[in-house]
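The values are calculated or read from the model by the stated rules, or taken from the named source; none is laboratory data. As the structure is a prediction and not an experimental result, all values here were calculated from the model. Note that we place each Cβ from the backbone using ideal geometry, even for glycine, and neighbour counts take in every protein chain shown. These area figures cover heavy atoms from the full protein model, side chains too; ligands, DNA and RNA do not enter into them. Shrake-Rupley method; radii C 1.70, N 1.55, O 1.52, S 1.80 Å.
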Amino acid sequence: MNAVAIDPRDVQQRVQELPALAKAVQEVVHALNDDDLDLEAIARRIAVDPAMVSKILRAANSPFYGVSGHVGSVHHAVRLIGVRTAGTLVTAASIMRTVSAPSGAAFDFHRFWAHSLATAVCSQELARECRYPATAAFLAGLLHDIGQVALATYYPQEFATAMLRSHERDCPLYQAEDEVLSLNHAQVGAWIAEHWHFTSDVSQAIRAHHIPGAASETGLATVADIVHVADGIVHALDLLAAPGELVPPLEVPAWQRLGIQPEGFHRVFERTVSTFEALRQALL
């Protein structure tokens with residue numbers, strides 16, 4: 001199987017042609033980083049978008065919150081599910097709308113977003129346990145594999161070749177991409193995050209989520225560590241009930257740098273499962 005190297009300059013040019021994130025999304029992301037985030041601020045941003053109102057009400061009326069069918073207003077929904085959960089739901093839904101499914105590609109777009117959402121939720125919960133900003137972790141988890149969509153969209157044959165090599169050699173996709181394409185989806189994803197003006201810790205986490213040691217210069221936990229561990233946990237929990245689910249290789253130092261005790265990981269597992277189910281019903 002021959003290599004079909006892709007010119008990184010061509011990829012970066014295509015990334016620059018991607019649609020910008022809506023201003024409302026940027027405002028929500030900025031608001032989520034504010035310690036004084038309030039219900040009114042998030043509710044106002046949701047109320048101007050009918051599609052978002054529908055999703056937030058669907059989430060609030062899910063069985064997870066125990067009041068199915070009784071939540072009829074945005075304010076009530078935000079109070080029920082929590083301001084930050086509402087904000088992350090808005091962000092995730094808006095990003096999902098911005099990204100189009102690869103046309104004619106053998107790419108399971110629904111499964112892609114389900115895994116991305118689960119990784120975002122788990123990243124957020126891990127961040128809370130190790131007292132790291134949860135917003136950056138959620139965004140990096142949501143976008144950690146976004147480069148796959150770009151490769152499947154713009155280079156469908158080349159990406160298919162890399163996927164085939166990954167399957168035949170039973171090796172991680174990013175390694176097969178490096179061999180076949182001379183770049184990988186993590187690099188492309190970081191370029192996309194930069195194009196969308198996310199913070200450097202988000203783009204760096206996306207770039208290094210398969211090799212988190214590369215992002216840890218001080219020996220302290222990074223967002224890359226969080227996303228790397230979250231990705232492994234989500235595969236291990238098999239939240240998508242995917243046949244032949246494989247857990248990717250885990251860098252033990254990344255796990256150790258998080259400094260989370262066993263009981264903390266149990267909380268992460270439980271909250272990841274429940275929160276993911278609630279958000280999946282609203283978004284997917």
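Some notes on this structure:
- Computed helical MRE - 222 nm, the chain, DSSP H runs ≥ 4 contributing -39500 (n - 2.57), nearest 500: -20500 deg cm²/dmol
- Average accessible area per residue (Å²) across the stretch 66-144 - probe 1.4 Å, nucleic acids and ligands excluded: 36 Å²
- In plain terms, the chain is cut at each of the GluC sites (Glu not before Pro) found in a DSSP loop with at most 12 other Cβ atoms within 10 Å, and the longest leftover piece is 18-216.
- Label-to-label distance, nm, for residues given as CYS171 and GLN26 (7 Å Cα→Cβ offset): 4.0 nm
- Nearest-ten-degree value, helix 23-32 long axis tilted from longest Cα axis of the chain: 70 degrees
- Rounded, prolate or oblate (a/c below 1.5 giving rounded, otherwise prolate when a/b exceeds b/c) for the stretch 1-46 by Cα gyration tensor: prolate
- Kirkwood Rh in Å, taken over all unlike Cα pairs in the stretch 90-132: 11.9 Å
- With Rh defined as the Kirkwood radius, the inverse of the mean 1/r over Cα pairs, the Rg/Rh of the chain is 0.96.
- For the chain, with all protein chains in place and a probe radius of 1.4 Å, 52% of the accessible heavy-atom surface sits on carbon or sulfur.
- Dipole of the chain, positive end: most advanced residue of THR222, ALA20, ALA47 [Cβ charges, Cα centre]: ALA47
- With the highest mean first, a sort of the peptides 96-103, 114-121 on other beta-carbon atoms found within 10 angstrom per residue produces 114-121, 96-103.
- Modelled label positions at LEU39 and GLN13, each set 7 Å beyond Cα in the direction of Cβ, lie 5.2 nm from each other.
- Shape category assigned to the stretch 63-141 from the gyration tensor of Cα positions, a/c cut at 1.5: oblate
- Relative to the longest principal axis of the Cα atoms of the chain, helix 83-98 runs at roughly 40 degrees.
- Here the Karplus curve 6.51 cos²θ - 1.76 cosθ + 1.60, taken at θ = phi - 60°, turns the phi angles of the stretch 52-58 into couplings of 6, 4, 4, 5, 5, 5, 5 Hz, with x standing for Gly and Pro.
- Normalised contact order of the stretch 16-160, rounded percent, pairs of Cα under 8 Å and 6 or more residues apart: 22 percent
- Rounded to whole numbers, the Karplus 3J(HN,Hα) couplings from phi for the stretch 178-189 are 4, 5, 8, 9, 6, 7, 9, 5, 5, 5, 5, x Hz, using 6.51 cos²θ - 1.76 cosθ + 1.60 with θ = phi - 60°, and x at Gly and Pro.
- The stretch 140-255, relative contact order in percent, only Cα pairs under 8 angstrom and at least six apart counted: 23 percent
- Relative to the longest principal axis of the Cα atoms of the chain, the long axis of helix 156-169 lies at roughly 80 degrees.
- Relative contact order (%) - criterion: Cα under 8 Å, at least six apart; region: the chain: 22 percent
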